[in-house]
Amino acid sequence: FVHWLDDPETTNKSEFFLEAELLARRGVTSLLIDAPWAAPNWFEKKRSPASDYSDSIATVVELDVALDALIARQHIDRTRIAFVGHDFGAMYGAVLSGFETRVQYYAFIAGNPDFATWFLLGAKPSDLAAYKSQMAPLDPVNYLPLSHGSDYLHQFGLKDEYIPVERARRFFDASPAPKALMLYEGGHALRSRVAIYDRVAWLLKRLGVEPAP
């Protein structure tokens, strides 16, 4: 599970505590990480346009190392691995999916199709055109068509203040099939119980675990 960037209280691994608990009741092991953006004031004070490209590559590498740590556990079934990401988590997960062959299932929450749009909500580079040109090769929509997964879930809020319908559609359309699109009345947070339980039910089915009665 890779969390989002927004609310300070859940911009860390705690965003997915409930899902991990629900899955654990059915015997599923979850790995929840604190991504770089979990650091306080990361977006406003710690990231820099000058290093967004290199830092993004490093983040994907770190996610791959985290997957190594999960799979190294003796009781893990390597044929049933899922990735769940929200916001930045979905975007970096999409990039990861383009070369990582060990993940079978991806659940993407509020994924944005390109990095520049996201990063430019904060500090701006001195040369905007050069920045966009540098970041474009890393865009999630470039990697989703190459993904090695076997099934995909996409969840978006119809009132998402950051991702209008056309951007959501770009992210979804780039994903291979089979894929499911679930839309909710909420905004970017998508913390409704319905969205959470839909996600957990989708994961349990793909992982071959019967849901609780």
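The table below lists the values:
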| item | result |
| --- | --- |
| Calculated P(r) of the chain - Cα pairs past 26 Å, % | 30 percent |
| Normalised per residue, the volume of the convex hull around the Cα set of region 1-44 (Å³) | 49 Å³ |
| Charge dipole magnitude, Cβ of K and R +1, D and E -1 - the chain, Cα centre, debye nearest 20 | 440 debye |
| GNM result for the chain, Cα springs below 10 Å: residue of 194, 84, 95 fluctuating most strongly | 194 |
| Selection from 92, 181, 3 lying farthest towards where the dipole of the chain points positive, charges on Cβ | 181 |
| Full-stretch length increase - residue 169, residue 194 - with 0.36 nm per residue and alpha-carbon distance subtracted | 6.9 nm |
| For the chain: relative contact order, % (alpha-carbon pairs under 8 angstrom, 6 or more apart) | 19 percent |
| Heavy atoms of residue 99 accessible to a 1.4 Å probe, total area in Å² rounded to 10 | 100 Å² |
| Inter-probe distance in nm under a simple model that places probes 7 Å from Cα toward Cβ, at residue 26 and residue 57 | 3.9 nm |
| Shape of region 82-176, Cα gyration tensor, a/c cut at 1.5 | oblate |
| Cα Rg, Dmax (largest Cα-Cα span) when computed across region 12-133, Å | 15.8, 51 |
| Cα gyration tensor, region 107-158 - rounded (a/c under 1.5), prolate or oblate | oblate |
| Amide H contacts under 5 Å for residue 180, placed H, 5+ residues apart | 152, 153, 154 |
| Within a Gaussian network of the chain (alpha carbon springs, distance under 10 Å), most fluctuating of 201, 129, 58 | 129 |
| Additional length obtainable on full extension of the chain from residue 129 to residue 180, 0.36 nm per residue less Cα span | 14.9 nm |
| Kirkwood-based shape ratio for region 166-209, expressed as Rg/Rh from alpha carbons | 1.00 |
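The values are calculated or read from the model by the stated rules, or taken from the named source; none is laboratory data. Since the structure is predicted, the reported quantities are computational estimates derived from the model, not experimental observations. Positions of Cβ are backbone-derived with ideal geometry, glycine not excepted, and every protein chain shown enters the neighbour counts. Each accessible area value is taken on the protein alone, full model and side chains, heavy atoms only, with ligands, DNA and RNA left out. Shrake-Rupley method; radii C 1.70, N 1.55, O 1.52, S 1.80 Å.
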